[in-house]
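See below for the structure under consideration.
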Amino acid sequence: MKMNWIKKGAALLLIISLSGILIFAISNEDKNKITHEGTTFYFPTEVDFAGENMPLEIPDVRERFDRELLVNANLHASTILIIKRANRAFKIIEPILEKNGVPNDFKYLAVIESSLINAVSPSGAKGVWQFMPATAKEIGMEVNECVDERYHLEKSTEAACKFLLAAKEKFGSWTLAAASYNGGITGVNKQIDIQKVSNYYDLLLNDETSRYVFRILALKEIMKAPQKFGFEIPKQDLYELYPTRKIEIDSTVNNLADFAIRQGVNYKILKLYNPWLRDTKLDNKTRKKYLIELPNK
């Protein structure tokens, strides 16, 4: 009887010991997961913008990037909406960037500018790419009471490409070109001359421009691997780009509501598909050709 109790006791100790080893192993595994692939936070070992590496070995650079990752990974509702919208908007933006020889990473610049909606800033910048009226006109967009092409995703993306290509030619760096989209080509160039450095990560800039590229890259990292940051969005929940048809007009439209009805849609749908139409009418004394986009019948 005593031997049986000894045997049972030994067996119990063995089970406890093995359980302890198992618990220790699981704890270490979880700790490693939290350290390297955390469910609430993930930090990449390498980051680049348009092939230009971010020097994460520089302490302040690493800390500034860490800040933007943490902030954007925890803006749950906003970031989920951005990921959903990107499924639609990127299908329009990406081919235009490629056609113009602008790196694909610049689609994330549009993300931080507007969250991929036709936003309006307090300073008067509008559209997905957030152009000011004067800049938009300089680059060739039409901006008036009836038409505002800053709200036209294809045309504003083309305009953004023109700006970015000019900035790249000026600075020789896509990272500085991105920074100048926020700080202006003249403003960034002035700081380069004053500080005698030619790398974005070496420049001391105002707070907004200083954070700008870090925000772009934070959204890039989150959006290319959302699961690593705790975002699980089913494919069916992403917003779709619906098939459309285009009709050409080259005359004045006195009443867009009547025009919409003649096209088999209503005024709301006409404006949703053509947000660049800013009035209830379209004045066109010069007989300019416009393409109106409508849902496929």
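Relative to the Cα centre, what is the charge dipole magnitude of the chain, using +1 at the beta carbon of each Lys and Arg, -1 at the beta carbon of each Asp and Glu, and rounding to the nearest 20 debye?
Details: 41 positive and 37 negative charges, 193 e Å.
Charge dipole of the chain: 920 debye, to the nearest 20.
In degrees between 0 and 90, to the nearest 10, how far off the longest principal axis of the chain does helix 153-171 point, with axes built from Cα atoms?
Orientation of helix 153-171: about 80 degrees from the principal axis.
Taking only Cα atoms, what is the 0 to 90° angle, nearest 10, from helix 174-183's long axis to the longest principal axis of the chain?
The angle comes out near 60 degrees.
If you count only protein heavy atoms with a 1.4 Å probe, what accessible area per residue comes out for segment 54-179, rounded to a whole Å²?
Numbers: 5430 Å² over 126 residues.
Ligands and nucleic acids excluded, the result is 43 Å² per residue.
Looking at segment 174-250, which chymotrypsin sites (Phe, Trp or Tyr not before Pro) are DSSP coil and have at most 16 other C-beta atoms within 10 Å of their C-beta? Could the numbers behind the result be given before it?
Working: sites: 174, 181, 200, 201, 212, 214, 229, 231, 239; in loops: 231, 239.
Of the chymotrypsin sites (Phe, Trp or Tyr not before Pro), the ones in loops of segment 174-250 whose Cβ has at most 16 other Cβ atoms within 10 Å are 231, 239.
Along Cα→Cβ, 7 Å out, is where each label goes; now give me the distance between the ones at residue 284 and residue 197 in nm to one decimal.
So the label points at residue 284 and residue 197 sit 5.2 nm apart.
So how tilted is helix 76-100 from the main axis of the chain? Cα-based, degrees 0 to 90, rounded to 10.
60 degrees
Order the peptides 42-50, 218-226 from the highest to the lowest mean number of other Cβ atoms within 10 Å of their residues. Walk me through the intermediate numbers first.
Numbers: 42-50: 15.1, 218-226: 19.6.
Top of the packing list down: 218-226, 42-50.
Just to make sure I understand: if all protein chains stay in place, what is the order of 196, 288 by accessible area at 1.4 Å, largest first? Please list the in-between numbers first.
Details: 196 165, 288 70 Å².
I get 196, 288, largest accessible area first.
Round to the nearest 0.05 the FRET efficiency obtained for residue 233 and residue 104 when R0 = 25 Å and r is the Cβ-Cβ distance.
Working: r = 21 Å, r/R0 = 0.83.
Efficiency, rounded to the nearest 0.05: 0.75.
Give me the distance between the Cα centres of segment 180-255 and segment 40-77, rounded to whole Å.
Here the two parts' Cα centres lie 15 Å apart.
Cα centroid distance between segment 118-145 and segment 88-110, in Å?
19 Å
Please state the charge dipole magnitude for segment 175-297, taken about the Cα centre, from unit charges on C-beta atoms (+1 on K and R, -1 on D and E), reported in debye and rounded to the nearest 20.
I would put it at about 460 debye.
Leaving out same-chain residues fewer than 8 places away, which aspartates and glutamates sit with a Cα under 16 Å from that of residue 224?
37, 46, 48, 68, 94, 105, 232
Counting only protein heavy atoms and a 1.4 Å probe, tell me what percentage of the chain's accessible area is made up of carbon and sulfur. Let's see the in-between values first.
Values: 9250 of 16870 Å².
On the chain, the fraction of accessible area on carbon and sulfur atoms equals 55 percent.
Would you compute, from DSSP H runs of 4+ residues alone, the mean residue ellipticity of the chain at 222 nm, taking -39500 (n - 2.57) per run and dividing by the full residue count, rounded to the nearest 500? Present the calculation step by step, with values, prior to reporting the outcome.
Details: 11 runs with 163 residues, N = 297.
Result for the chain: -18000 deg cm²/dmol, rounded to the nearest 500.
Just to verify a number: FRET efficiency for residue 58 and residue 186, C-beta to C-beta distance, R0 = 25 Å, to 0.05?
Values: r = 27 Å, r/R0 = 1.07.
The value I calculate is 0.40.
Dipole magnitude of segment 124-193 about its Cα centre, charges +1 at Lys/Arg Cβ and -1 at Asp/Glu Cβ only, in debye to the nearest 20?
240 debye
By per-residue mean of other Cβ atoms within 10 Å, what is the highest-first order of 242-249, 66-73, 111-118? Intermediate values should be presented prior to the final figure.
Working: 242-249: 10.1, 66-73: 18.1, 111-118: 20.6.
So the peptides 242-249, 66-73, 111-118, ranked by packing, come out 111-118, 66-73, 242-249.
The values are calculated or read from the model by the stated rules, or taken from the named source; none is laboratory data. Since the model is a prediction, treat every value here as computed from it, not as a measurement. Note that we place each Cβ from the backbone using ideal geometry, even for glycine, and neighbour counts take in every protein chain shown. For accessibility, only protein heavy atoms count, side chains too; no ligands or nucleic acids. Shrake-Rupley method; radii C 1.70, N 1.55, O 1.52, S 1.80 Å.
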